[in-house]
Amino acid sequence: MVITLSGITGVGKSYFKKQIQEKLGIPAQTIVTTREKRAGEIEGIDKKFVSNEEFENMKEKNEIIVTFEMLGYKYGYPRIQMESEENSVVELHYPIIYQLKREVKNTFSIYMIPKDVKIAKQKLKERNLPENIEKDRLKEIEEHIKNFNSNTDLRNQFDYIFYNDYTEKSVDELIEVIKNKCIERVVI
């Protein structure tokens, strides 16, 4: 099953993805992108960073699916990972949920909402992005929240709505939800 984590910038998608990996042993998928690698990101772990030409070549060979553009960069998910029978976790840009649900059948989609948007905005500012990108991402947060709140069809695409209060209790809650929904339990 593919576990998807969606939500605004700064809600904790990357953090929760790592928690799911560590606490449940569920591997993370590696999205392919033409975006520049940020400080601290590891090639092949955080993302697979490719040129535009490499991206288009992978797309033509049908090696990546559920592709999209965001802030001038291209993104896509490796077909082999998305179609695997094994559990995995991946971050998903929220408007892509429609395409994902059409192309990948075995999913558990989680939409993450911050209990306090100010914390999410602060988390974004801590990334020390270039000023113009930070400004665009802050604007995107407001648009994203408005769109999600007003679009019932979009909300209904997600299997679970999770409220992050940025505490360990939130981590435990999400881990428990995933255990109950996605991990087969063997009864002896």
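The values are calculated or read from the model by the stated rules, or taken from the named source; none is laboratory data. Just so it is clear, the model here is predicted, and its values are computed rather than measured. Using ideal geometry, Cβ is built from the backbone for each residue, glycine included, and neighbour counts are taken over all protein chains shown.
When you scan the range 70-108, how many residues do you find that are basic (Lys, Arg) and in contact with a helix residue (DSSP H, G or I) (Cβ under 7 Å, 6 or more places away or on another chain)?
1
Please go through (1) modelled with pLDDT under 95; (2) over 24 Å from residue 149 (Cβ atoms); (3) out of contact with any strand residue (DSSP E or B) (no Cβ under 6 Å at 6 or more places or on another chain); (4) surrounded by fewer than 17 Cβ atoms within 10 Å (Cβ to Cβ) for residue 60 and return the number of the only condition it doesn't satisfy.
(1)
How many residues are part of a helix (DSSP H, G or I), among the acidic types (Asp, Glu) and more than 26 Å from residue 113 (Cβ to Cβ) when one looks only at the range 13-67?
4
Could you run through the range 148-179 and say how many residues are modelled with pLDDT of 90 or more, assigned to a helix (DSSP H, G or I) and not hydrophobic (A, V, I, L, M, F, W, C)?
Summing the residues that are modelled with pLDDT of 90 or more, assigned to a helix (DSSP H, G or I) and not hydrophobic (A, V, I, L, M, F, W, C) in the range 148-179 gives 12.
Are any residues in the range 1-42 farther than 16 Å from residue 93 by Cα and in contact with a strand residue (DSSP E or B) (Cβ under 6 Å, 6 or more places away or on another chain), and if so, which ones?
If the condition is that a residue be farther than 16 Å from residue 93 by Cα and in contact with a strand residue (DSSP E or B) (Cβ under 6 Å, 6 or more places away or on another chain), then 1, 20, 21, 26, 27, 37 are the ones that fit.
Can you pull out every residue in the range 108-161 that is touching a Ser or Thr at 6+ places or on another chain (Cβ under 8 Å) and closer than 23 Å to residue 1 by Cα?
108, 109, 110, 111, 112, 157, 158, 159, 160
Yes or no: residue 111 surrounded by 16 or more Cβ atoms within 10 Å (Cβ to Cβ), at positive phi and in contact with a helix residue (DSSP H, G or I) (Cβ under 8 Å, 6 or more places away or on another chain)?
no
Filter the range 119-147 down to residues that are part of a helix (DSSP H, G or I) and of a type in the set (S, T, N, Q) and give me whichever is nearest to the chain's Cα centre (by Cα).
147
Kindly indicate which of 84, 109 is out of contact with any His (no Cβ under 6 Å at 6 or more places or on another chain), part of a strand (DSSP E or B) and of a type in the set (Gly, Ala, Ser).
109
Restricting attention to the range 22-50, report how many residues are surrounded by fewer than 17 Cβ atoms within 10 Å (Cβ to Cβ), free of Cβ contacts under 8 Å to residues at least 60 places away in the same chain and within 15 Å of the chain's Cα centre (by Cα).
Here the count works out to 1.
Hey, residue 15 hits all of (1) over 12 Å from the mean Cα position of the chain (by Cα); (2) closer than 24 Å to residue 130 by Cβ but one; which does it fall short on?
(1)
Being closer than 15 Å to residue 79 by Cα and either in contact (Cβ under 8 Å) with a residue 40 or more places away in the chain or aromatic (Phe, Trp, Tyr) (or both) is the requirement here; does residue 9 meet it?
Answer is no for this residue.
How many residues, within the range 121-147, are among the aliphatic types (A, V, I, L, M) and exposed (fewer than 11 other Cβ atoms within 10 Å of the Cβ)?
Final tally of qualifying residues: 0.
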